[in-house]
Amino acid sequence: MIILALLLGLSIGWAINQASDYLPRFAAVQSSAAALTLHSSRQPALWNWLHGGSDQPWIRLHVAVEIASAIFTASLWLFRGVSEQGSILLAGYIFFALITVIDIKFRLVLNVVLYPAAVLILLIQGVAVPGNVLNLLLGGAFAFLVFYGAALIRPGGLGGGDIKLAALIGLMLGFPGVLVALIFGAAATTVFLIFLFARHTASIKMQLPYAPFLCFGGLAALVLMQVGGLS
């Protein structure tokens, strides 16, 4: 069965990669945007490395996503099997991985992904745990205010997509779960910047896509909530 879990994970990773190419172009057509461009020229060395050669762009990123998906899915099977917890964690992983890959490639956090996810979260939570909806709304409002305030303090540092993603993670985790997600995200960002500065591949004016780190924090907090009993 572990082999089947690995194959399922590879298939999920492949689907995430395909969706990461299709959804931005679908959103661009719907919004009549002129074009989507890759921002590799503004990225640090790691992002340029992930982009790969011009003949096979993003091949390294795609391989990394498929391997990570296989490992995550196999781990869920080993430790949770077929369960409600496992399903929630797998759905969370797919969502966060898709957001991450799209933001790395295009520097976009798409409404076409965020809005349906927000509606689905509220509907599921409203049916499963009606008394928890107020807590989820509190988490969403808290994250929105924190990121909106940060965007006002440092214009250009955070985009509207980052603010909406933070609010959605708040809706997903509630309060104080969203605090854990934000702390993990900030810690991951700090470690990554230290790594880049140590390798002399970063500068003070460099702009990083923040959504991947926020997604890391969200997934870490979701795992703690489902496995460790964080509430």
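At-a-glance table
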quantity: Residue-by-residue Karplus 3J(HN,Hα) for region 67-79, coefficients 6.51, -1.76, 1.60, Hz, glycine and proline x; calculated: 5, 4, 5, 5, 5, 5, 5, 5, 5, 4, 5, 5, 9
quantity: Order by protection proxy (mean Cβ within 10 Å, highest first), peptides 83-92, 163-172; calculated: 163-172, 83-92
quantity: Loop sites in region 166-201: chymotrypsin sites (Phe, Trp or Tyr not before Pro), DSSP, at most 14 other Cβ within 10 Å; calculated: none
quantity: Where the Cα pairs of region 47-132 fall when distances are cut into 5 Å bins, in %; calculated: 3, 12, 17, 17, 17, 16, 9, 5, 2, 1, 0
quantity: Size of charge dipole - region 103-231 - debye, nearest 20, with Cβ of Lys, Arg +1 and Asp, Glu -1, no other charges; calculated: 340
quantity: Kirkwood Rh and Cα Rg combined as Rg over Rh, evaluated for region 107-229; calculated: 1.01
quantity: Charge-dipole axis of region 2-227 as Lys and Arg at +1 and Asp and Glu at -1 on Cβ define it, positive-most pick from ILE88, PHE175, GLY160; calculated: GLY160
quantity: Relative contact order [Cα under 8 Å, 6+ residues apart], region 96-216, whole percent; calculated: 34
quantity: Tail beyond 21 Å, pair distance distribution of region 2-227 (Cα, percent); calculated: 58
quantity: Label-point gap, in nm, between ALA151 and PHE79 - each point 7 angstrom along Cα→Cβ; calculated: 3.4
quantity: Relative contact order of region 2-227, defined on C-alpha pairs under 8 angstrom at six or more residues apart (%); calculated: 23
quantity: Loop-resident sites, region 64-137, for trypsin sites (Lys or Arg not before Pro), counting at most 14 other Cβ within 10 Å (DSSP); calculated: none
quantity: Cβ-based net charge around VAL101, under 15 Å, with every Lys or Arg adding one and every Asp or Glu removing one; calculated: +1
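Every read-out reported here was derived from the displayed coordinates using simple, explicitly stated rules and does not represent laboratory data. None of the values given here were measured: they were computed from a predicted structure. Ideal geometry is used to build each Cβ from the backbone, glycine not excepted, and the neighbour counts take in all protein chains shown.
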